[in-house]
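This report refers to the structure that appears directly beneath it.
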Amino acid sequence: MSDITTASGQRKMTSIFERYLTVWVGLCIVGGIALGKVAPNLARTLDGMAISVNGAPVVSIPIAICLFFMMYPIMVKIDFAEVLKAGKSIKPVGLTLVINWLIKPFTMYAIASFFLGTLFYQFIGPDAMDLVKMPLGADLAVGDTFGAGTVVLEDGIKMLQVPLWRSYLAGCILLGIAPCTAMVLVWGFLSKGNDGHTLVMVAINSLAMLFLYGPLGGFLLGVGKLPVPWQALLLSISIYVALPLVAGFISRKWIIARKGLDWFKEKFLHVLTPITIIAL
């Protein structure tokens, strides 16, 4: 009876979350803006909680924690034996890989370049500049140029001064390359798709991200005349993708070996449901 009640309560929580997803996103945006205005020191404190490389913040610890608890429940569901079987189905696997890694990144780059570099260029400001880290291994003097940037001295540290719109472009590039993972399962559920098939596609793209995100990001950033933060890319991939993937793989095998597959599905995964929702 208690199991039924628990499952019912979690199903109700999930359905409320799914039904009013747009509302929750809107409230989070409004709440974030309000907190930034009312308590600006809180934002600075959160920004300060980061893993730095050469003095520059690279990975936000609060975001990393939330993303781990968002990604881990997805990764722990992955049965890698099923992923290997899915590899034999060339059509669906090939389709998701082509769309996510050969079409989407370049489409995002083209759209972002048009809007940021042309349509909104005057609105952003042709003279608006941003400071970014020097490229890894570059030994440049103040005044030298690299891509679209110029080396300047800021607080005794060499930085690369680039047009602000190109910094925005870099963000769009890095965002556009990464395939969606956790929310894909929500969209698949809402569209009444095949949950098992969706999970396998998420697993394949997560594995592909480990090997393709860095090289593709470096290539498109280079095309955009921006420095490639290889250390930041590799560290981000390790923390945001590899860590929850490895944790999910190991804990899944350990739990199933000791508790059995039924306990894993009926008990453990149900406990993770509200955690995923809160992290999202």
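The values are calculated or read from the model by the stated rules, or taken from the named source; none is laboratory data. This is a predicted model, so every value here is computed, not measured. All Cβ positions, even for glycine, are placed from backbone atoms using ideal geometry, and neighbour counts span all protein chains on display.
Some notes on this structure:
- Residue in the range 45-59 that is over 21 Å from V132 (Cβ atoms), touching a Leu at 6+ places or on another chain (Cβ under 8 Å), loosely packed, with under 14 Cβ neighbours inside 10 Å and not aromatic (F, W, Y) present: no
- Residues satisfying the stated conditions in the range 195-244, i.e. without any contact (Cβ under 8 Å) to a residue 12 or more places away in the chain and either within 18 Å of N100 (Cα to Cα) or outside any helix (DSSP H, G or I) (or both): F211, P215, F219
- Residues within the range 144-184 that are in contact with an Asp or Glu (Cβ under 7 Å, 6 or more places away or on another chain) and within 30 Å of L67 (Cβ to Cβ), tallied: 3
- Residues of the range 266-280 that are over 22 Å from L67 (Cα atoms) and touching a residue at least 12 places away in the same chain (Cβ under 8 Å): E266 alone.
- Within the range 67-78, not a single residue is outside any loop (DSSP other than H, G, I, E, B) and loosely packed, with under 14 Cβ neighbours inside 10 Å.
- Residue match in the range 245-265 (condition: in contact (Cβ under 8 Å) with a residue 40 or more places away in the chain, of a type outside the set (A, V, I, L, M, F, W, C) and over 15 Å from M71 (Cβ atoms)): no
To keep it simple, each residue is scored yes or no on (1) over 23 Å from the mean Cα position of the chain (by Cα); (2) hydrophobic (A, V, I, L, M, F, W, C); (3) under 27 Å from R166 (Cβ atoms).
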{"site": "A50", "(1), (2), (3)": "no, yes, yes"}
{"site": "K77", "(1), (2), (3)": "no, no, no"}
{"site": "F80", "(1), (2), (3)": "no, yes, no"}
{"site": "K85", "(1), (2), (3)": "yes, no, no"}
{"site": "I99", "(1), (2), (3)": "no, yes, yes"}
{"site": "G117", "(1), (2), (3)": "yes, no, yes"}
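- Selected residue (only one of A148, A112 is surrounded by 14 or more Cβ atoms within 10 Å (Cβ to Cβ), outside the structural domain of V83 (by TED's automatic domain parsing), among the small types (G, A, S) and in contact with a helix residue (DSSP H, G or I) (Cβ under 7 Å, 6 or more places away or on another chain)): A148
- Yes/no for K104 being of a type outside the set (F, W, Y), under 15 Å from R166 (Cβ atoms) and either within 23 Å of the chain's Cα centre (by Cα) or crowded, with 16+ Cβ neighbours inside 10 Å (or both): no
- Meets criteria (in contact (Cβ under 8 Å) with a residue 12 or more places away in the chain and in a loop (DSSP other than H, G, I, E, B)) for V142: yes
- Scanning the range 220-258 for residues that are loosely packed, with under 14 Cβ neighbours inside 10 Å, under 15 Å from K77 (Cα atoms) and basic (K, R) gives a single hit, K253.
- The lone exception for G196 - which of (1) under 21 Å from the mean Cα position of the chain (by Cα); (2) farther than 30 Å from A128 by Cα; (3) small (G, A, S) it fails: (1)
- Filter pass, T107 being in the same structural domain as V202 (by TED's automatic domain parsing), under 18 Å from V223 (Cα atoms) and part of a helix (DSSP H, G or I): yes
- Being more than 23 Å from V184 (Cα to Cα) and in a helix (DSSP H, G or I) is a property that holds for A43.
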